[in-house]
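Undergrad: Sharing a structure below in structure tokens format, with a few things to ask.
The values are calculated or read from the model by the stated rules, or taken from the named source; none is laboratory data. These numbers come from a predicted model, not from an experiment. We place every Cβ from the backbone using ideal geometry, glycine too, and count neighbours over all the protein chains shown. SASA here: full protein model, heavy atoms, side chains in, ligands and nucleic acids out. Shrake-Rupley method; radii C 1.70, N 1.55, O 1.52, S 1.80 Å.
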Amino acid sequence: GKEKLRECLSLHMEDKWPKKMKEGDREKWLDKISTSIINTCEKIWKEYNDDPDNIFIVNNGRLTIPLIYFLLRQFPGIGPKKASMIARDFGRGCDWLISVKARLQKRGIDLTVTDTHFTEMPIDVHIRRVFRRLGFARYNQPQDFQNLARLIYPKNPGLVDDFIWKLGREICKNYPICDKCHLNSICEYGGKKDEN
């Protein structure tokens, strides 16, 4: 039930909560996520014959990145950012996808992912911070960042996220470590720091 699931989530998150997250916000998050998980399980049980692999048998397993995005968005708790991240992972062929492919193959379905040029870079505070410091401060809408990623790597723009997100989380933080940054030579912020 929801209370047991909520309790498990709370134990799991004990040492993982963001430092600035207030207790009330944690409680809201636990309620929202536990409800979403239960509703998703019910949806899979009712609409996909209690088998999550059935979600991906559309088109006999030939899936485009936009189709994967919308297959995921139908589930409670899967917003645009999460759907983009998971669709991006399908586009890169991550490790967990291998087991899904193997299970579907046993059922005669060859899971194929196409149109990786439609992957998107999920936007968060780290992405915004890095691009702003690189000199793109006037461009601050999600579409701006998506198009920057398409310019950087048109073949699979979602993969730009790996590099930029990690850079923002580990190097280009509130107090950046500019001398360790691979983009320091082209960074507007880093260049200004060097002048001082």
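Undergrad: Quick one: angle between helix 160-170 and the longest Cα principal axis of the chain, in degrees between 0 and 90, rounded to 10, please.
TA: Between helix and principal axis, roughly 60 degrees.
Undergrad: Using the heavy atoms of the protein chains and a 1.4 angstrom probe, tell me the accessible area per residue for region 117-196 in square angstrom.
TA: Per-residue value: 64 Å².
Undergrad: Karplus couplings for region 25-33 from phi (6.51 cos²θ - 1.76 cosθ + 1.60, θ = phi - 60°), rounded to Hz, Gly and Pro as x?
TA: 5, 5, 4, 4, 4, 4, 5, 5, 5
Undergrad: Using only the alpha-carbon atoms, how far is helix 80-92 inclined from the longest principal axis of the chain? Give it as 0 to 90 degrees, nearest 10.
TA: In the chain, helix 80-92 runs at an angle near 90 degrees to the longest axis.
Undergrad: Calculate how steeply helix 2-13 sits against the longest principal axis of the alpha-carbon atoms of the chain, using the helix alpha-carbon long axis, and give the answer as 0 to 90 degrees to the nearest 10.
TA: The answer is roughly 30 degrees.
Undergrad: Whole angstrom only: what separates the Cα centroid of region 40-112 from the Cα centroid of region 137-190?
TA: 29 Å
Undergrad: A further question follows. Report in % the part of the accessible area of the chain that belongs to carbon and sulfur, leaving out ligands and nucleic acids; probe 1.4 Å. All intermediate terms of the calculation are to be shown ahead of the outcome.
TA: Details: 6810 of 12520 Å².
For the chain, the apolar C and S fraction of the accessible surface comes to 54 percent.
Undergrad: Out of all Cα-Cα pairs in region 63-179, roughly what percent, to the nearest whole number, are more than 17 Å apart?
TA: 60 percent
Undergrad: Taking 7 Å along the Cα-to-C-beta vector as the label spot, tell me the residue 136-residue 124 distance in nanometres, rounded to one decimal.
TA: Once both label points are built, they end up 1.7 nm from each other.
Undergrad: Then there is this: Using a simple charge model, +1 on the beta-carbon of Lys and Arg, -1 on the beta-carbon of Asp and Glu, nothing else, what dipole does region 15-74 show about its Cα centre, in debye to the nearest 20?
TA: Working: 11 positive and 10 negative charges, 83 e Å.
The calculation lands at about 400 debye.
Undergrad: Size of the dipole of region 120-196 about the Cα centre, Lys and Arg at +1 and Asp and Glu at -1 on the beta carbon, nothing else charged, in debye to 20?
TA: That gives a dipole near 100 debye.
Undergrad: With point charges of +1 on the Cβ of Lys and Arg and -1 on the Cβ of Asp and Glu, referenced to the Cα centre of region 1-139, which listed residue (83, 61, 71) lies farthest in the positive direction of the dipole?
TA: The listed residue farthest towards the positive side: 83.
Undergrad: At 0.36 nm per residue, and after removing the present C-alpha to C-alpha distance, how many nm does the segment from residue 70 to residue 41 gain when stretched out fully?
TA: Numbers: separation 29, 0.36 × 29 = 10.44 nm, distance 1.76 nm.
Roughly 8.7 nm would be gained on extension.
Undergrad: Of 45, 29, 12, whose Cα points farthest to the positive end of the dipole of region 1-50 (charges on the beta-carbon: +1 Lys, Arg; -1 Asp, Glu; origin at the Cα centre)?
TA: It is 29, whose Cα lies furthest towards the positive end.
Undergrad: While we're here: Collect residues whose amide H, placed 1.01 Å from N in the peptide plane, falls under 5 Å from the amide H of residue 62; neighbours closer than 5 in sequence don't count.
TA: Excluding prolines and chain starts, which carry no amide H, the hits are 112.
Undergrad: State the three equivalent ellipsoid semi-axes of the chain, derived from the C-alpha gyration tensor as the square roots of 5 times its eigenvalues, in descending order and whole Å. Write down the numbers at each step before the final one.
TA: Working: eigenvalues 238, 121, 35 Å².
Equivalent ellipsoid of the chain: 34, 25, 13 Å, largest first.
Undergrad: Further question on the same structure: Counting Lys and Arg as +1 and Asp and Glu as -1, what is the net charge of the other residues whose Cβ lies under 12 Å from the Cβ of residue 160?
TA: Working: positive: 88, 92, 150, 155, 166; negative: 120, 161, 162.
Counting the neighbours of residue 160, the net charge comes to +2.
Undergrad: Given contacts defined as C-alpha pairs under 8 Å and at least six residues apart, what's the relative contact order of the chain, whole-number percent?
TA: Taking the mean separation of contacting Cα pairs over the length of the chain, I get 16 percent.
Undergrad: Now for a different question. Under a point-charge model restricted to the Cβ atoms of Lys and Arg (+1) and Asp and Glu (-1), what is the dipole moment magnitude of the chain relative to its Cα centre, in debye to the nearest 20?
TA: Values: 35 positive and 27 negative charges, 63 e Å.
The calculation lands at about 300 debye.
Undergrad: Looking at the P(r) of region 122-169, how many percent of alpha-carbon pairs lie beyond 14 Å? Write out the running numbers ahead of the final one.
TA: Details: 477 of 1128 pairs.
Counting pairs separated by more than 14 Å, the tail of P(r) holds 42 percent.
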